[in-house]
Ligand SMILES: Cc1cc2nc3c(=O)[nH]c(=O)nc-3n(C[C@H](O)[C@H](O)[C@H](O)COP(=O)(O)O)c2cc1C
């Protein structure tokens, strides 16, 4: 079975034709039918009603589509977003970029996150993505990396309120699906432009804004600035704000809701450590309880599901190389010891993976391992402009 739901990315010359062709057949951008869970609050994202208030924040290299599908199977997730995709590369038909947007019906609703600095190019890419089946377009204004920022994209967009608002308006007016923005508080502490930007985005029709409560200069250091997120919530009239940063427990989520007044919560690294977090948040809303806390074997089951979905999508070799990166996160939780960790980092074949799983199961959890215990959240290494 081919798992991926994959269209070739556009190239400039054929783009218009492909959009025409797909527009005549595609109904993929229609709002998915949702079955609300009693007691779980829904989230209105423009024309879409999402079945919870909990979002998977994009983590480039990690929240690929096999991971998203495995997390969705656990329940509770409102919407996931792809990692950032260069609109220039998308329009040029880059193979790598088409991999970033690969998806399947089980991975809906999905927002595609785009970055760039040219309004026309970004609108064209957004239109292509709308026809491809994206449920929403998310514009990246938080990425701190030099290669993105030096061309005026990512967090550099937060330095030019008027120009960025105009660019966002162009995209909103170019598509029918909801357009959202994900940004930080501002470039640095002297320039918290997020409240001003959020207000302007609301006026041009943006459906929601996610705020990672740190500045570009901060990278991932220090605590999330809750007051900074609240300032954005207070700056807008009705547009929902999604609070993001360091949420990895019910208590963190509760604090984010109560102290910022945000309408939803975005979770990135906390979901790598605990993919059940979305289901647990919904269970907490319904009953005041977490639901069952997954033990050691269920954690291994999840890791296996993730790896096997990767193999279906990418084939044995590519999947194994991709999985090595995630192995670090699984090791943090499962604490398998140096030798198995090393084997995960060298993974090449499905047979090796099955051997690792068999060893983990027969060894059982390490001494003092507790279900639900959360290790520290890892942050990208090196200067923030390069990670
Ligand atoms: C490895 C890594 C990759 C990331 N990639 C993206 C990305 O592609 N797009 C984006 O908007 N944010 C990206 N982020 C930022 C996260 O979406 C999120 O805003 C940040 O990690 C704080 O939330 P968390 O504490 O829940 O992880 C990335 C963060 C990390 C650590």
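The values are calculated or read from the model by the stated rules, or taken from the named source; none is laboratory data. Keep in mind it's a predicted model, so treat the numbers as computed, not measured. Quick reminder, even Gly has a Cβ in these numbers, built from the backbone with ideal geometry, and neighbours come from all protein chains shown.
Quick notes
- Residues that are assigned to a strand (DSSP E or B) and touching a residue at least 40 places away in the same chain (Cβ under 8 Å) within region 242-273 comprise 242, 244, 264, 265, 266, 267, listed in sequence order.
- When the test is whether a residue is more than 16 Å from the ligand (Cβ to nearest atom), crowded, with 22+ Cβ neighbours inside 10 Å, assigned by TED's automatic domain parsing to the domain that holds residue 40 and closer than 19 Å to residue 54 by Cβ, residue 282 passes it.
- Of the residues 77, 21, 28, the single one that is at pLDDT 95 or above and assigned by TED's automatic domain parsing to the domain that holds residue 245 is 77.
- Helices (runs of 4 or more DSSP H) lying entirely in region 132-219 (those with 1 or more residues that are closer than 22 Å to residue 256 by Cβ, assigned by TED's automatic domain parsing to the domain that holds residue 105 and within 15 Å of the ligand (Cβ to nearest atom)): 194-203
- Checking 371, 358 one by one, the residue that is at pLDDT 95 or above and over 15 Å from residue 61 (Cα atoms) is 358 and no other.
- Looking across region 221-241, the residues that are in a loop (DSSP other than H, G, I, E, B), within 15 Å of the ligand (Cβ to nearest atom) and buried (at least 17 other Cβ atoms within 10 Å of the Cβ) come down to 224, 225.
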